Amino acid sequence: DSHIQYERVGADVTMKCGSMDWDAAVTWTANGTDIDESHLNGSYLILKNVDLTQSGQYSCYEGSSWHLKYQTYLRVGTPPKEPVLMCRSNNYPKGFYCSWHLPTPTYIPNSFNISVIHGTKEMVCEKDVYPKNRCHIRYLQLFSTVKYKVTLTVTNALGKNSTTLTFDEVAIVKPDPPESVVAKPVPNNPRRLEVSWQNPSSWPDPESFPLKFFLRYRPLILDQWQHVELSDGTSHTITDAYAGKEYIIQVAAKDNDIGTWSDWSVAVHATPWTEEPKHLTTEVQITETTSASTSSFMPPPTTKICDKGAVVGS
Amino acid sequence: MAAADSPSAALRRRDLCSRGIRLAGKMRSDVIDLLDTYVERQGLDASASVAAVEGVPVAAVERWDEQTGTQRLLENLAAYRAFRVLLAQMLEEHREQLGEADTALGRALAAVLLQVSAFAYHLEELLQLESRGPPSEEGSVPPPVPHLGLFERKLRGLGVLRELAQWAIRSTRDLRQLAKPSPGSSSAPGWTESP
């Protein structure tokens with residue numbers, strides 16, 4: 001008979017050759033390679049303190065006839081540790097999702113079971129196709145003071161573990177970051193930058209559930225961020241930018257009344273408007289032509305003031 | 001439901017809605033502060049779970065997004081009228097129990113009671129804009145004060161304040177729904193009869 005055999009890392013494993021007697025002559029192979037006799041005790045195969053590399057197909061053949069008497073697939077792994085569970089509502093008030101992962105791999109298949117209880121009611125957590133370890137729950141009730149209790153149980157052939165989260169409806173509300181953040185200089189304003197963004201597309205009803213925003217910005221040359229909180233609207237004009245310095249800007253969002261701030265948006269860069277340097281060549285020629293009339297002619301300088309290499313008194 | 005909306009009525013309603021939203025927001029932050037003070041002064045555990053308290057209007061609602069404007073206002077008004085009675089009872093019990101010993105908690109309770117009364121009045125104003133007007137309170141007998149032990153009374157108070165905090169959020173959302181221009185009409189905000 002052939003089947004899968006699960007063993008813990010570090011375990012001592014003994015395999016019998018099917019129904020063969022202890023003293024029968026047999027040959028054992030691992031993934032098709034003969035196993036040294038030192039691992040045999042009679043017809044039994046003894047594997048001490050197994051490790052992950054010893055996972056594989058083990059077969060036992062009767063001595064003379066090479067008849068396959070026993071075959072197993074050994075899977076060496078570990079029981080699951082307590083899983084890490086996180087629940088969050090990024091599309092309030094539609095619902096919330098829970099996602100989970102194991103802190104360390106088990107090297108063998110695991111199955112997850114999640115239960116969501118609201119008061120006395122069990123709610124359905126619909127598994128998402130992707131990502132795998134995630135499911136989502138639709139709010140049946142809003143504005144409830146009754147807590148949600150989510151229990152995740154993970155099981156594999158070597159053991160079982162679980163974790164439980166208890167939370168209020170409002171506590172897990174955390175929008176996704178704002179989208180389409182754009183920052184632009186303001187012509188003729190060397191200290192201004194115009195920043196605009198959009199509500200995260202996952203937020204279903206910004207009118208009834210408005211978001212407020214947090215903007216942070218700093219010149220690349222400094223580490224200290226400047227912050228401004230905005231209770232409505234999706235744009236802001238920075239008016240205290242250092243002239244000519246490149247800025248990095250990010251935005252975060254939060255429901256106006258409940259929950260926590262989103263992660264920061266993607267960073268955008270912008271440099272305030274700077275006056276175009278006037279072409280000195282035109283000025284230089286004028287001064288030269290007036291002085292030429294009183295002295296011998298001087299050719300105009302070959303280097304134009306706006307050429308890169310030109311050094312203007314800094 | 002709402003008589004054909006004159007622009008002035010629509011503007012009046014929008015003004016009442018936005019003032020109501022601000023009032024509900026202020027009330028909510030005061031209720032949360034009061035909750036912290038109440039838990040601390042009454043020696044309760046902030047995470048204690050409190051079963052549904054009889055006579056306390058529950059903010060939890062199913063299919064909230066399908067409610068009509070009238071339903072929202074009527075349910076809000078009934079709730080805040082009930083909270084007005086409940087908070088008055090709590091204030092009375094507090095004075096009996098502690099006299100002047102704990103004026104801070106007493107003052108905070110009285111301040112929230114005042115806001116709840118103001119908000120109930122605000123809702124009545126909004127309902128005045130409807131042809132039917134708010135339901136009258138005459139004849140509505142406040143629920144009898146249940147005879148409870150001291151600890152049960154404290155837990156009951158905790159349940160009242162928690163539900164009030166949730167109602168304050170719900171009212172903010174309701175008023176925003178009401179302030180929304182309903183589809184197809186340029187001026188009249190979300191008073192649609194059906195969702």
query = Does residue B:120 satisfy the condition of being modelled with pLDDT under 75 and either open to solvent by 30 Å² or more (accessible area, probe 1.4 Å) or away from chain A (no Cβ under 14 Å) (or both)?
reply = no
inquiry  = Of everything in segment A:108-125, what is farther than 27 Å from residue B:173 by Cα and assigned to a strand (DSSP E or B)? Give them in sequence order.
reply    = A:111, A:112, A:113, A:114, A:115
ask   = hydroxyl-bearing (Ser, Thr, Tyr) and under 30 Å from residue B:59 (Cβ atoms) - does that describe any residue in segment A:218-235?
value = yes
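Within the group A:40, A:74, which residue is surrounded by 15 or more Cβ atoms within 10 Å (Cβ to Cβ) and farther than 30 Å from residue A:101 by Cα?
Numbers: A:74 fails: farther than 30 Å from residue A:101 by Cα.
Of the residues listed, the single one that is surrounded by 15 or more Cβ atoms within 10 Å (Cβ to Cβ) and farther than 30 Å from residue A:101 by Cα is A:40.
So which residues in segment A:162-198 are closer than 30 Å to residue B:163 by Cα and buried (at least 18 other Cβ atoms within 10 Å of the Cβ), if there are any at all? Explain how you work it out, then say what you get.
From segment A:162-198, those closer than 30 Å to residue B:163 by Cα are A:163-176; that's our starting set.
Passing the criteria: A:169, A:170, A:172, A:173, A:174, A:175.
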task = Could you grab me the full set of residues in segment A:45-71 that are open to solvent by less than 60 Å² (accessible area, probe 1.4 Å), hydroxyl-bearing (Ser, Thr, Tyr) and over 25 Å from residue A:107 (Cα atoms)?
result = A:61
request  = List the number of the failed condition for residue A:146; all other conditions in (1) surrounded by 19 or more Cβ atoms within 10 Å (Cβ to Cβ); (2) β-branched (Val, Ile, Thr); (3) modelled with pLDDT of 95 or more hold.
outcome  = (3)
request  = Within segment A:160-194, work out how many residues are of a type outside the set (Gly, Ala, Ser), under 21 Å from residue A:258 (Cβ atoms) and over 20 Å from the mean Cα position of the chain (by Cα).
outcome  = 6
key: Test: residue in segment B:60-81 that is away from chain A (no Cβ under 14 Å) and of a type in the set (Asp, Glu)   = no
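Give the residue, chosen from B:168, B:88, B:108, that is modelled with pLDDT of 85 or more, away from chain A (no Cβ under 14 Å), in a helix (DSSP H, G or I) and crowded, with 19+ Cβ neighbours inside 10 Å. Step through it out loud before you land on a result.
On the way: B:168 fails: away from chain A (no Cβ under 14 Å); B:88 fails: crowded, with 19+ Cβ neighbours inside 10 Å.
That would be B:108, the only listed residue that is modelled with pLDDT of 85 or more, away from chain A (no Cβ under 14 Å), in a helix (DSSP H, G or I) and crowded, with 19+ Cβ neighbours inside 10 Å.
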message = Which condition from (1) within 14 Å of another protein chain (Cβ to nearest Cβ); (2) open to solvent by 30 Å² or more (accessible area, probe 1.4 Å); (3) within 16 Å of the chain's Cα centre (by Cα) is the one that residue B:31 breaks?
response = (2)
Which numbered condition residue B:63 fails, given (1) at positive phi; (2) surrounded by fewer than 13 Cβ atoms within 10 Å (Cβ to Cβ); (3) in contact (Cβ under 8 Å) with a residue 60 or more places away in the chain = (3)
ask   = If you go through segment A:245-256 one residue at a time, how many are in a loop (DSSP other than H, G, I, E, B) and in contact (Cβ under 8 Å) with a residue 40 or more places away in the chain?
value = 1
message = Looking at the structure I just gave you, is residue A:208 hydroxyl-bearing (Ser, Thr, Tyr) and in contact with a helix residue (DSSP H, G or I) (Cβ under 6 Å, 6 or more places away or on another chain)?
response = yes
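Condition check: within 30 Å of residue B:6 (Cβ to Cβ) and either in contact with a His (Cβ under 7 Å, 6 or more places away or on another chain) or at pLDDT 80 or above (or both). Does residue B:125 satisfy that? Quick ask: steps written out before the conclusion?
Details: within 30 Å of residue B:6 (Cβ to Cβ): yes; either in contact with a His (Cβ under 7 Å, 6 or more places away or on another chain) or at pLDDT 80 or above (or both): yes.
Judged against the criteria, residue B:125 is a match.
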key: Filtered residues of segment A:219-258 (kept if within 29 Å of residue B:28 (Cβ to Cβ), among the aliphatic types (A, V, I, L, M) and open to solvent by 30 Å² or more (accessible area, probe 1.4 Å))   = A:228
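Please find, among B:183, B:143, B:134, the residue that is away from every other protein chain (no Cβ under 14 Å), modelled with pLDDT under 85 and out of contact with any helix residue (DSSP H, G or I) (no Cβ under 6 Å at 6 or more places or on another chain).
Numbers: B:183 fails: away from every other protein chain (no Cβ under 14 Å); B:134 fails: out of contact with any helix residue (DSSP H, G or I) (no Cβ under 6 Å at 6 or more places or on another chain).
When all the criteria are applied, what remains is B:143.
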query = Tally time: how many residues in segment A:82-108 are over 30 Å from residue A:6 (Cα atoms) and of a type in the set (S, T, N, Q)?
reply = 3
message = List the residue pairs whose Cβ atoms are under 6 Å apart, where the first residue sits in segment A:89-113 and is farther than 17 Å from residue A:211 by Cβ and open to solvent by 40 Å² or more (accessible area, probe 1.4 Å), the second is small (Gly, Ala, Ser) and in a strand (DSSP E or B), and the two are 6 or more positions apart or on different chains.
response = A:107/A:77
query = For segment A:1-73, which strands (runs of 3 or more DSSP E) that fit wholly inside it have 3 or more residues that are under 42 Å from the mean Cα position of the chain (by Cα)?
reply = A:2-8, A:56-62
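Within segment A:114-143, can you find the residues that are away from chain B (no Cβ under 14 Å) and buried (at least 16 other Cβ atoms within 10 Å of the Cβ)? Give the derivation first.
Looking only at segment A:114-143, we keep the residues that are away from chain B (no Cβ under 14 Å), and these are A:114-116, A:122, A:124-137.
If the condition is that a residue be away from chain B (no Cβ under 14 Å) and buried (at least 16 other Cβ atoms within 10 Å of the Cβ), then A:114, A:116, A:125, A:133, A:134, A:135, A:136, A:137 are the ones that fit.
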Qualifying positions in segment B:40-52 - under 17 Å from residue B:87 (Cβ atoms) and within 14 Å of chain A (Cβ to nearest Cβ) = B:50
task = With respect to residue A:85, determine if the residue is within 14 Å of another protein chain (Cβ to nearest Cβ), open to solvent by less than 40 Å² (accessible area, probe 1.4 Å) and among the aliphatic types (A, V, I, L, M).
result = no
ask   = For residue B:74, which of the numbered conditions (1) assigned to a helix (DSSP H, G or I); (2) open to solvent by 50 Å² or more (accessible area, probe 1.4 Å); (3) closer than 15 Å to residue B:162 by Cβ fails to hold?
value = (3)
ask   = Take the residues of segment B:30-60 that are without any contact (Cβ under 8 Å) to a residue 24 or more places away in the chain and in a helix (DSSP H, G or I): which is nearest to residue B:159 (Cα to Cα)?
value = B:36
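The values are calculated or read from the model by the stated rules, or taken from the named source; none is laboratory data. Source: prediction; values computed, not measured. Reconstructed Cβ throughout: ideal geometry from the backbone, glycine too, with neighbour counts over all protein chains shown. Side chains are part of the model used for accessible areas, which takes the heavy atoms of the whole protein and leaves out ligands, DNA and RNA. Shrake-Rupley method; radii C 1.70, N 1.55, O 1.52, S 1.80 Å.
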